[in-house]
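Okay, structure first, notes after.
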Amino acid sequence: MSEAPVVASARSLKPLISEHRREGEVQAALASPVVEAAGKAGLFRLFAPKEVGGLEVTPSEAFRATVEISAADPAVSWYIVNSMPACMLAAALPETERNALFAEPDKNFGFSAVALAKATPVDGGYRLNGSWPVVTGCNDAKWCALAGIVMAGDSPRNSPLQQDRPDVRIFLVPTEQLEIAQTWQHAAAMRGTGSNQATATDVFVPEVLACSMGAAPLIDRPLYRHSPTLLTLPIFAAVAVGILQGAIEIASVEIAAKVSSVTGKALKDQTETQIAIADASAALRAIRAGSIEAFDAVWEGLQSGEGVSNAVKAEMYSSSFYAGDVARQMISLLYTKGTRAAFMQGHALERCMANIHAVVAAIDARRGFHHSAGAVMLGGEPLEAAF
């Protein structure tokens, strides 16, 4: 089977990304050549509609491309996955607003799913006030997609789609209307993401740019026929898979060249080290293949127009969380069974160790989908409304 163009493009960028990785970590922001190259390759619009220059790749192609990028530097793939919600929401926008969002088509999007802002209804839209402490790539983005709660007086308004839940929306806001505070230089993990704080002070957002999750899209194609979570959560898991792939590559090279100062024996000849590499490699193949298999089943349901059953969703969500958890375990194993050089700040394996914990922490914010997957497998109903 020939490799998808987007996966080949991602792989071709790895040398450039690796060259600038340390620079991004030192300055707590991706190097400009990396951002520009990833943008030109279309990696920030994998799920964007074709009408605005989007690639509309299949989910498994997006997964594979994200794995390759993450093996080189997960900070770059964090730009990719955080751009996906805005790209998918574009399918629900009228043509004028959709085109405005992609006036500069190679740009990434800032994103925060944490509804920390209050949106007050006014004539024609909302006044948005609040801060989001972590907004990846906001300094490079022209637009940010930010979650907020629509208020009715002093209390949250009920959602028009789910009356028992607050009206939480994603507000599409030009970055120039936000105050960006440079806070990410103090981060210990995923430093290259430049995930600084963004603040909105009485920012007007038109009704058309206040997007309700789950609203019917204007572009009716497979990528846009379900809540974005079904397609974006597995891509976050792909970042974890890629970090493990990169950690194995790093550990293999170092172990092959090192001699233990304690035993005087080559690390590559030590039984525990051999088992660690073998187990990590087997785990990588398992979680990568399992995630792609589940993703393909989801895609088949979306393409058919018949929808995706809860049973298929359960397999997808469970695969995503399992991938993150296993990747974290295997990287920890490589970190402890490999070379002592990894204990030094700035070492590539040390960065893998820090980054995988940050990525899994982000995935954990959706852990309710994991529980719901288990409930469905046991014959029950999902607890998450967006399942």
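With respect to the conditions (1) more than 15 Å from M213 (Cβ to Cβ); (2) in contact (Cβ under 8 Å) with a residue 40 or more places away in the chain; (3) over 20 Å from the mean Cα position of the chain (by Cα), D167 falls short on a single one, namely (1). Just a yes or no: is a residue in segment 88-101 under 21 Å from P33 (Cα atoms) and at pLDDT 95 or above? No, the conditions are met nowhere in segment 88-101.
Going by the structure shown, is A71 touching a helix residue (DSSP H, G or I) at 6+ places or on another chain (Cβ under 6 Å) and either in a strand (DSSP E or B) or not assigned by TED's automatic domain parsing to the domain that holds A238 (or both)? Answer is yes for this residue.
For A247, the criteria (1) surrounded by fewer than 22 Cβ atoms within 10 Å (Cβ to Cβ); (2) in contact (Cβ under 8 Å) with a residue 40 or more places away in the chain hold in every case but one, which is (1).
A Cβ distance below 9 Å, combined with a sequence gap of six or more or placement on separate chains, defines the contacts here; from segment 373-385, residues that are under 12 Å from A311 (Cβ atoms) reach residues that are of a type in the set (D, E) in the pairs A373/E315; A375/E381; M377/E315. Could you check segment 300-330 and list, in sequence order, the residues that are of a type in the set (A, V, I, L, M, F, W, C) and either on the phi > 0 side of the Ramachandran plot or at pLDDT 95 or above (or both)? Correct list: A311, V312, A314, M316, F321, A323, V326, A327, M330. Criterion applied to G42, G54 was being surrounded by fewer than 24 Cβ atoms within 10 Å (Cβ to Cβ) and on the phi > 0 side of the Ramachandran plot, and the one residue passing it is G42. Which condition number in (1) in contact with an Asp or Glu (Cβ under 9 Å, 6 or more places away or on another chain); (2) among the small types (G, A, S); (3) more than 25 Å from P228 (Cα to Cα) is the one that G153 fails? For G153, the failing item is (1). Contact annotation: residue pairs with Cβ atoms under 6 Å, 6 or more positions apart or on different chains, pairing a residue in segment 47-74 that is of a type in the set (D, E) with a partner that is modelled with pLDDT of 95 or more, are E56/K50; E61/V6; E68/A10; E68/R11; D73/I17.
Restricting segment 231-271 to residues that are more than 24 Å from R351 (Cβ to Cβ) and among the small types (G, A, S), the residue that is modelled with the lowest pLDDT is G264.
The values are calculated or read from the model by the stated rules, or taken from the named source; none is laboratory data. For clarity, every value in this text was computed on a predicted model and none was experimentally measured. Because the Cβ atoms are built from the backbone with ideal geometry, glycine has one as well, and the counts that use them run over all protein chains shown.
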